[in-house]
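The values are calculated or read from the model by the stated rules, or taken from the named source; none is laboratory data. Everything numeric here is computed off the predicted structure, so don't read it as measured data. Positions of Cβ are generated from backbone atoms using ideal geometry, with glycine treated the same way; all protein chains shown enter the neighbour counts.
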Amino acid sequence: MRAISKPQHSQGVLLLILTTAIWGTSFALLKGMSRDLPTPIILASRFSIAAIAFSPYLRQVNANLLRDGAILGILYFGECLLALIGLETISANRSAFLISLNVILVPLFGTMLGRKLPKQILVAVGIAIAGITILSWEGGGFGIGDLLTLGCSIGIAFYILAMEAITPRHPTLPLVAVQLTVAALLGIIWAVFNGKAPFAGTIPYLPILLYLGLIITAVPIWTQTQAQRWISASEAALLYTLEPVFASIFSFFWLHEALGIRGFIGAALILSATLISQVPLKRLIEKHS
């Protein structure tokens with residue numbers, strides 16, 4: 001495995017924080033939009049817009065890149081589909097917090113592959129799980145929306161691990177282009193399968209769909225693909241725990257889904273876990289000894 005410099009690692013961290021901030025806007029926006037447009041049409045439209053933006057880079061595709069990009073595209077489409085269907089029956093806040101459970105699934109699946117984790121990441125994972133647990137339980141038992149959203153979390157964990165393995169093999173932009181093209185084709189197929197014209201009734205919502213396609217879909221998948229050249233899968237999963245914090249902020253302003261005292265405690269724990277994941281325990285001990 002090639003060496004990663006400290007500046008590259010820092011750039012990767014900043015890119016993933018930017019990614020979570022952008023994703024944080026998606027929950028409230030998709031929750032509101034799903035009341036007006038059917039889920040299959042939203043998926044087909046957002047992925048098609050994003051795919052068109054990166055389509056010039058398809059000229060650089062070869063067989064291996066096509067195979068690896070298709071794997072990532074299928075995983076990406078699956079996680080987005082499960083999250084959006086789940087949002088039909090649960091709140092945007094709850095969705096974001098449940099999805100963040102991938103913070104434990106990534107290192108868990110990595111351990112099954114024979115990997116060892118640095119001690120500070122193990123500590124951070126424990127703190128993050130505590131924070132997510134406090135944030136996520138908003139009352140009532142788990143329903144179908146919760147189960148689908150948990151399925152999304154599992155899909156994200158596999159996607160993060162696959163990204164770690166695949167991104168060093170290929171140039172970033174063509175890999176992103178293939179992922180988005182595959183997701184767009186699956187979105188169109190899913191819409192037709194559900195008896196929907198893929199882009200029916202979307203004209204009045206074009207500005208929002210452009211934001212979904214370009215800012216929430218195209219930009220984050222590029223920043224994520226680039227960042228995971230320099231960030232491990234376990235570390236990436238921990239940084240993604242910032243997503244529900246941003247989602248809570250935007251959900252409060254757009255949907256008036258306010259957090260109580262438990263929410264603020266959970267958010268503080270998640271932020272602490274993210275910071276701890278970036279600082280070796282040895283340095284923390286030496287600093288306070």
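Odds and ends about this structure:
- Residue tally, condition polar (S, T, N, Q) and either loosely packed, with under 14 Cβ neighbours inside 10 Å or in a loop (DSSP other than H, G, I, E, B) (or both), over the range 158-208: 2
- Number of positions in the range 1-38 that are touching a residue at least 60 places away in the same chain (Cβ under 8 Å) and within 25 Å of F252 (Cβ to Cβ): 20
- Taking the range 187-236 as the range and being modelled with pLDDT under 90 and among the charged types (D, E, K, R) as the test, the residues that pass are R229, E235.
- Matching entry among A183, A162 (being closer than 15 Å to G69 by Cβ, touching a residue at least 60 places away in the same chain (Cβ under 8 Å), in contact with a Cys (Cβ under 9 Å, 6 or more places away or on another chain) and among the aliphatic types (A, V, I, L, M)): A183
- Residue within the range 63-79 that is farther than 16 Å from I188 by Cβ, touching a residue at least 24 places away in the same chain (Cβ under 8 Å) and charged (D, E, K, R) present: yes
- Some residue of the range 238-256 being crowded, with 20+ Cβ neighbours inside 10 Å and β-branched (V, I, T): yes
- Scan the range 208-227 for residues that are more than 13 Å from the chain's Cα centre (by Cα) and of a type in the set (F, W, Y) and the total you get is 1.
- Within the range 137-152, being hydrophobic (A, V, I, L, M, F, W, C), at pLDDT below 80 and surrounded by fewer than 13 Cβ atoms within 10 Å (Cβ to Cβ) holds for one residue alone: F142.
- When the range 23-47 is filtered for residues that are of a type in the set (S, T, N, Q), part of a helix (DSSP H, G or I) and surrounded by fewer than 24 Cβ atoms within 10 Å (Cβ to Cβ), the ones remaining, listed by number, are T25, T39.
- Among residues of the range 67-101, those that are in a helix (DSSP H, G or I), over 13 Å from the mean Cα position of the chain (by Cα), surrounded by fewer than 21 Cβ atoms within 10 Å (Cβ to Cβ) and not hydrophobic (A, V, I, L, M, F, W, C), counted: 2
- Figure legend. Inter-residue proximity from the range 249-269: first residues over 10 Å from G131 (Cβ atoms), second residues at pLDDT 75 or above and not in a helix (DSSP H, G or I), beta-carbon distance below 6 Å, spacing 6+ or different chains. Indicated pairs: E257/S91.
- Filter result for G110 (in a helix (DSSP H, G or I), modelled with pLDDT of 85 or more and either crowded, with 22+ Cβ neighbours inside 10 Å or not aliphatic (A, V, I, L, M) (or both)): no
- Residue count for the range 209-219, restricted to those that are surrounded by fewer than 21 Cβ atoms within 10 Å (Cβ to Cβ), closer than 20 Å to A237 by Cα and not β-branched (V, I, T): 0
- Pairing each residue of the range 215-239 that is on the phi > 0 side of the Ramachandran plot with any residue that is at pLDDT below 85, provided the two are 6+ apart or on different chains, yields no C-beta distance under 9 Å.
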